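So the structure is just underneath, and the comments pick up after that.
The values are calculated or read from the model by the stated rules, or taken from the named source; none is laboratory data. Quick caveat: nothing in here was measured; it's all calculated off a predicted structure. Methodologically, a virtual Cβ is constructed for each residue, glycine included, from the backbone with ideal geometry; neighbour enumeration extends over all protein chains shown. When the accessible area is computed, the model is the full protein with side chains, heavy atoms only, and any ligands, DNA or RNA have been set aside. Shrake-Rupley method; radii C 1.70, N 1.55, O 1.52, S 1.80 Å.
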Amino acid sequence: GFTNLYSFTNGSDGEFPNASLVQGTDGWFYGTASQGADTNVIPSGAGTVFKVNAGGTFSNLYAFTGGNDGGTPEAALAQGADGYFYGTTSVGGTNAAGSIFKISCAGAFTPLYDFTGGNDGASPLAGLVQGSDGNFYGTTPYGGTNGVGDIFQISPAGQFKNLYSFADADDGGLPDAPLVQ
């Protein structure tokens with residue numbers, strides 16, 4: 001049968017959890033809400049990172065401001081081998097083009113990379129996947145050399161590398177889904 005674990009209030013907990021949850025090694029389920037929380041900066045709020053357990057106990061881990069920390073996380077989180085959860089925001093960051101972050105199970109937030117909107121891409125809508133080499137991989141639907149998105153690599157320490165820029169030709173463009181190894 002169906003059991004409702006938690007109902008969002010559009011308060012400090014956020015609203016519009018658009019992405020799937022990921023179960024952490026601690027048994028809790030971790031996710032993002034794309035709006036809500038800090039409405040002092042953005043009228044609808046800039047989203048949250050939260051966790052909830054199978055019994056319905058909810059904890060808001062982080063509320064985005066939409067500023068230098070990023071905002072509007074649209075994608076699921078990925079738990080790295082180091083235990084941190086890695087994610088993307090589609091807006092904000094120091095260049096207002098989205099960002100990559102990591103967050104601990106307890107809510108310690110660390111910005112890792114701010115997209116520029118140039119050759120590195122912009123506004124990621126997809127989550128990250130950790131490769132067997134320990135690096136994370138993702139896509140952006142905008143920016144890149146040709147302005148129609150790219151595939152990138154980022155280390156857990158924040159070392160960023162653009163791997164491929166789409167040309168919107170035979171290779172397509174505007175990727176908005178995560179990669180799979």
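So what's the gap between the Cα centers of segment 11-30 and segment 79-94, to the nearest angstrom?
Each part's Cα centre sits 13 Å from the other's.
So, for the chain, what is the accessible surface per residue at a probe of 1.4 Å, expressed in square angstrom?
Heavy-atom SASA per residue in the chain reads 44 Å².
Modelled label-to-label distance, Ser20 and Ala54, 7 Å Cα→beta-carbon offset: nm?
Label at Ser20, label at Ala54, 1.8 nm between them.
Ranked from highest to lowest mean number of other Cβ atoms within 10 Å per residue, what is the order of the peptides 154-163, 55-64?
Output ranking for 154-163, 55-64: 55-64, 154-163.
Mind listing the phi-derived Karplus ³J(HN,Hα) values for segment 151-168, rounded to whole Hz, using 6.51, -1.76 and 1.60 with θ = phi - 60°, and x for any glycine or proline?
10, 10, 10, 9, 7, x, 8, x, 6, 9, 9, 7, 9, 7, 10, 5, 10, 6
From the Cα gyration tensor of segment 41-133, with a ≥ b ≥ c the square roots of its eigenvalues, which class applies: rounded if a/c is under 1.5, or else prolate if a/b is larger than b/c, or else oblate?
Oblate, since a/c reaches 1.5 and b/c is not below a/b.
Using θ = phi - 60° and the Karplus form 6.51 cos²θ - 1.76 cosθ + 1.60, what ³J(HN,Hα) does each residue of segment 135-142 get, whole Hz, x for Gly and Pro?
Once rounded to whole Hz, the list reads 7, 9, 10, x, 10, 10, x, 10.
Compute the signed sum of charges (Lys and Arg +1, Asp and Glu -1) over the other residues within less than 13 Å, Cβ to Cβ, of Leu77.
Details: positive: Lys51, Lys102; negative: Glu74.
Around Leu77, the charge tally is +1.
Just how many % of Cα pairs in the chain lie over 23 Å apart, if you round to the nearest whole percent?
37 percent
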